[in-house]
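The values are calculated or read from the model by the stated rules, or taken from the named source; none is laboratory data. Computed from a prediction, not measured in an experiment: that's the story for all the values here. Here the Cβ is made from the backbone with ideal geometry for all residues, glycine too, and neighbour counts use every protein chain on show.
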Amino acid sequence: SPTIGVLALQGDVREHRTALESAGARWTSVRRPAELDGLDGLVLPGGESTTIDKLLRIFELHEPLREAIASGLPVYGSCAGMILLADRVLDGTSDQQTLGGLDVTVRRNAFGRQVDSFETHVDVEGVGGPGVRAAFIRAPWVEEVGPRATVLATIGAGPAAGRIVAVRQGSLLATSFHPEITGDARIHELFVSIVRKEY
Ligand code: GLN
């Protein structure tokens with residue numbers, strides 16, 4: 001089974017480990033550049049993107065990770081992880097940087113105060129069966145998708161209907177929501193099949 005690193009600087013690292021195990025992958029924690037060696041894939045967890053961004057620079061992981069993504073390391077980012085993968089961010093802090101790689105513009109905390117956090121089902125292309133059980137927690141949405149990225153899911157109903165919440169670009173996968181905290185491992189299974197080049 002593939003070995004997938006989980007960036008373990010801040011955020012819901014433990015939940016991703018459990019979801020990766022359910023999806024048939026091995027996980028390892030990444031806190032130092034050397035821990036990127038030999039990985040088949042990497043997960044950027046949910047948390048706080050501005051904090052993770054600062055820690056990436058302090059831990060001298062920013063450049064090695066940028067390079068790894070540019071040379072084709074498969075990466076899955078959930079929520080803050082999606083922000084870190086995005087080439088462009090709206091409503092970021094003035095000094096906020098991303099790793100980039102995904103040709104999308106994301107808007108941080110996009111769902112607004114009324115629906116700040118919620119759970120719903122989301123139909124995701126490439127995931128069979130009923131909609132993925134998805135937790136949105138001060139989540140971003142994808143405001144704009146460039147020509148290199150593909151939309152995998154939008155919100156089905158309600159005030160945010162039509163908003164883009166899952167995207168893929170080659171071996172990069174990102175969701176606005178956290179599938180790792182609802183016990184639905186199918187997004188991680190999708191990522192593992194991307195890592196295995198089966199999807
Ligand atoms: N609002 C957070 C951010 O901007 C993301 C929230 C999350 O990952 N649940 O990074």
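Counting the residues of the range 48-64 that are assigned to a loop (DSSP other than H, G, I, E, B) and within 16 Å of the ligand (Cβ to nearest atom) gives 1.
Only strands (runs of 3 or more DSSP E) whose full extent lies in the range 106-166 are considered here, and the ones with at least 3 residues that are farther than 21 Å from residue 48 by Cα are 117-122, 150-154. Within the range 148-157, the set of residues being within 15 Å of residue 135 (Cα to Cα) and of a type outside the set (A, V, I, L, M) comprises 154, 156. Of all residue pairs spaced 6 or more apart or on separate chains, those with beta-carbon atoms under 9 Å, a first member in the range 106-121 that is over 9 Å from residue 160 (Cβ atoms) and of a type in the set (Ser, Thr, Tyr) and a second member that is near the ligand (Cβ under 10 Å from one of its atoms) and modelled with pLDDT of 95 or more are 117/135; 117/136; 117/137; 117/138; 117/139; 120/135; 120/136; 120/177. The set of residues in the range 72-95 being within 12 Å of the ligand (Cβ to nearest atom), assigned to a strand (DSSP E or B) and without any contact (Cβ under 8 Å) to a residue 60 or more places away in the chain consists of 89, 90. Here residue 45 meets each of (1) within 16 Å of the ligand (Cβ to nearest atom); (2) over 18 Å from residue 192 (Cβ atoms) with one exception, condition (2).
From the list 176, 171, the lone residue that is of a type in the set (S, T, N, Q), in contact (Cβ under 8 Å) with a residue 24 or more places away in the chain and closer than 21 Å to residue 25 by Cα is 171.
Total residues in the range 1-27 satisfying the condition of being surrounded by fewer than 21 Cβ atoms within 10 Å (Cβ to Cβ), under 19 Å from residue 71 (Cβ atoms) and in contact with a helix residue (DSSP H, G or I) (Cβ under 8 Å, 6 or more places away or on another chain): the figure is 1.
Residue-level check: of (1) surrounded by 24 or more Cβ atoms within 10 Å (Cβ to Cβ); (2) free of Cβ contacts under 8 Å to residues at least 12 places away in the same chain, residue 58 misses just (1). For the range 98-112, the condition holds for at least one residue, the condition being that it is modelled with pLDDT under 95 and within 16 Å of the ligand (Cβ to nearest atom). Residue under question is residue 113, and the condition is that it be closer than 21 Å to residue 134 by Cα and surrounded by fewer than 22 Cβ atoms within 10 Å (Cβ to Cβ); does it hold? When the stated conditions are applied, residue 113 passes them. When you scan the range 62-77, do you find a residue that is hydrophobic (A, V, I, L, M, F, W, C) and in contact with a His (Cβ under 7 Å, 6 or more places away or on another chain), even just one? No: the range 62-77 contains no residue that is hydrophobic (A, V, I, L, M, F, W, C) and in contact with a His (Cβ under 7 Å, 6 or more places away or on another chain).
Scanning the range 173-187 for residues that are away from the ligand (no atom under 16 Å from the Cβ) and either crowded, with 24+ Cβ neighbours inside 10 Å or part of a helix (DSSP H, G or I) (or both) gives a single hit, 186. Contact map, the range 7-32: first residue on the phi > 0 side of the Ramachandran plot, second residue at pLDDT below 95 and assigned to a loop (DSSP other than H, G, I, E, B), Cβ cut-off under 6 Å, separation 6 or more or different chains; pairs are 24/1. For the structure I just gave you, tell me whether residue 98 is among the polar types (S, T, N, Q), assigned to a loop (DSSP other than H, G, I, E, B) and under 17 Å from residue 173 (Cβ atoms). So residue 98 passes the test.
Give me a count of the residues in the range 61-86 that are surrounded by fewer than 17 Cβ atoms within 10 Å (Cβ to Cβ) and not hydrophobic (A, V, I, L, M, F, W, C). Going through the range 61-86 one residue at a time, the tally reaches 5.
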